[in-house]
Amino acid sequence: MTASPSSPRHAPNRPWVVLAMLLLVYSLNFLDRQILGILAHPIKAELRLSDTQLGALGGIAFALLYSTLAVPLAIVADGTSRSWVVTGSLAVWSGFTALCGLATGFWQLFAFRVGVGVGEAGGVAPSYAMISDSFPPERRARALAIYSLGVPLGLAAGALLGGTLAKAVDWRTAFIAAGAAGLVLAPIFRWVVREPVRRATPVRMPVGAVFAILARKPSFWLLGFAAASSSLCGYGLAFWVPSVLVRSLGFDLGQVGQFVGSLLLIGGSAGVLAGGWLGDRLGARDRGWFARLPALAWMVTVPLFAGGLLVDSPTLAWALFLVPHGLNILWLGPVTTAIQHLVPAEMRATASASFLLINNLVGLGLGALSDAMTVRFGADALRYAAVGTLGFYLVAALLGLLAVRPLRRDWWVEDGVTARGSP
């Protein structure tokens, strides 16, 4: 039997408490990702790495098991306790982040980054499902957008913490401090966050049953590959822009942290919140807006990011970067909300993991492209490599627009409310 909502032992926390704790965990998730990009320059110098090796550390090392393990861990979360899975994942990725500070060579650091990916594989999909269980349909896009604030907040914290500690002490201390923060938070999270009461008894859903539903829905594939195209740019830029600032504009690590951190805190936070608010407001009238809104944002992102990467004035670069740092992640609230509504409630974590599988298996690094272009462009190779990848935002926009009509048809009807595609 499903626990009664009034049961003192099993009663869930207030939805906003659950959301606040999940946001904190998600922020640490992205802090641990961003810190490698901020510290790339001193790591490369001390360990004598090439851009290709750096790209592998930021891309394949993390994505290797992060994407593939997300699905089985989500199945476990759907069938048991999502809060326990998130707690264990936080402890694992934080421990491996701390170990990165002890690495003495490429392959050792590569193995530790694989460990970070293994841990983070179990964090996001169960969190999406817990939020959807905690909030009614008409407030889910805003709730998921607030959760997605963990992206800009975590990236900003990684930039500021990594840059500050690396300048004051060394890059190894920055990794150890970031990992220790997560290890301290893990037991606190488990103590505070109880499993939200579900409408159905948790069961281990056959993964084939979830895939069978998703495979028949064109909107899932279109949104999945749209987000993947966007993430290729987003992860790549987050990892390489700090190095562009060092090589092409002469920044030191402290300046890089302040520059990138301020962009993420201001632009990124505004973009994520705007996506959630607009998604709920526009999507209530036409479900197609959950796909159309991100598509429009991706189109505007391209020229602004290109301008910021190519100018030689730090002030002008900051101004050009500000808006696209919000627009390129505006999709998080609307798209993740749409994915939650393509399947029944008991399949949400597994559906989210399937979406993340597509999203994260697309290439995450630009190191090889940078090395290939170095002969032609010299010190500015990374700058031109980054500009070259922006075309994937246009691919994302096209796929998002193509998803508008299928999404109206594919939306799952729940809570006794009939979903409608248009007014």
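Tell me, what ³J(HN,Hα) does each residue in segment 127-138 have, in order and in whole Hz, if you take phi through Karplus 6.51 cos²θ - 1.76 cosθ + 1.60 with θ = phi - 60° and put x for Gly and Pro? Along segment 127-138, the couplings run 5, 3, 5, 4, 5, 5, 6, 8, 10, x, x, 6 Hz.
Expressed as a whole percent, the accessible surface of segment 44-149 that belongs to carbon and sulfur atoms is 70, based on a 1.4 Å probe.
Determine, for each peptide in 289-302, 245-258, 92-105, 149-162, the mean count of other beta carbons within 10 angstrom over its residues, then list the peptides with the highest first. Please list the in-between numbers first.
Numbers: 289-302: 23.7, 245-258: 18.2, 92-105: 20.4, 149-162: 25.3.
Peptide ranking by packing, descending: 149-162, 289-302, 92-105, 245-258.
Distance distribution P(r), segment 12-194, all Cα-Cα pairs, bin width 5 angstrom from 0: 1, 9, 17, 21, 20, 14, 9, 6, 3, 1, 0 percent.
Want the number for Leu249 to Ala180: 0.36 nm per residue separation, take away the alpha-carbon distance, what's left? It would help to have the intermediate numbers written out before the result.
Details: separation 69, 0.36 × 69 = 24.84 nm, distance 3.28 nm.
Taking 0.36 nm per residue and subtracting the Cα distance, the gain is 21.6 nm.
Shown here: mean projected area of the Cα convex hull in nm², derived from the displayed model; of the candidates [x] 24.5; [y] 18.6; [z] 22.0, it corresponds to [y].
Enter the accessible area per residue of segment 12-194 (Å², integer; probe 1.4 Å; all protein chains in place).
Details: 5990 Å² over 183 residues.
Per-residue accessible area for segment 12-194 comes out at 33 Å².
A Förster distance of 56 Å, applied to the separation of the beta-carbon atoms of Ala168 and Thr80, puts the FRET efficiency at 0.85. On full extension, the segment bounded by Ala45 and Thr68 gains 5.1 nm, given 0.36 nm per residue less the C-alpha separation. Rolled with a 1.4 Å probe across the full set of protein chains, the surface gives Asp51 an accessible area near 10 Å².
Per-residue ellipticity at 222 nm for the chain, helices alone: DSSP H runs ≥ 4 residues times -39500 (n - 2.57), over residue total, nearest 500 deg cm²/dmol? The partial results should precede the final answer.
Numbers: 22 runs with 320 residues, N = 423.
Helices in the chain give a 222 nm mean residue ellipticity of -24500 deg cm²/dmol.
Spin-label pair Ile188-Gln108: with each label point 7 Å from Cα along the Cα-Cβ axis, the two points sit 3.1 nm from one another. Seen against the Cα atoms of the chain and their longest principal axis, helix 348-361 is set at about 20 degrees. Available extension along the chain between Trp412 and Arg139 is 96.7 nm, counting 0.36 nm per residue and deducting the alpha carbon span. Against the longest alpha carbon principal axis of the chain, how many degrees, from 0 to 90 and to the nearest 10, is the axis of helix 314-327 turned? It works out to around 20 degrees. Principal-axis analysis of the Cα atoms of the chain puts helix 367-377 at an angle of about 40° to the longest axis. For segment 34-42, 3J(HN,Hα) computed residue by residue from phi via the Karplus equation (6.51, -1.76, 1.60; θ = phi - 60°) reads 6, 4, 5, x, 5, 8, 4, 5, x Hz, glycine and proline entered as x.
Here the Karplus curve 6.51 cos²θ - 1.76 cosθ + 1.60, taken at θ = phi - 60°, turns the phi angles of segment 384-400 into couplings of 6, 4, 5, 4, x, 7, 4, x, 5, 5, 5, 4, 4, 4, 4, 5, x Hz, with x standing for Gly and Pro.
The values are calculated or read from the model by the stated rules, or taken from the named source; none is laboratory data. This is a predicted model, so every value here is computed, not measured. Please note: Cβ atoms are built from the backbone with ideal geometry, for glycine as well, and neighbour counts cover all protein chains shown. Surface areas here come from the heavy atoms of the whole protein model, side chains and all, with no ligands, DNA or RNA. Shrake-Rupley method; radii C 1.70, N 1.55, O 1.52, S 1.80 Å.
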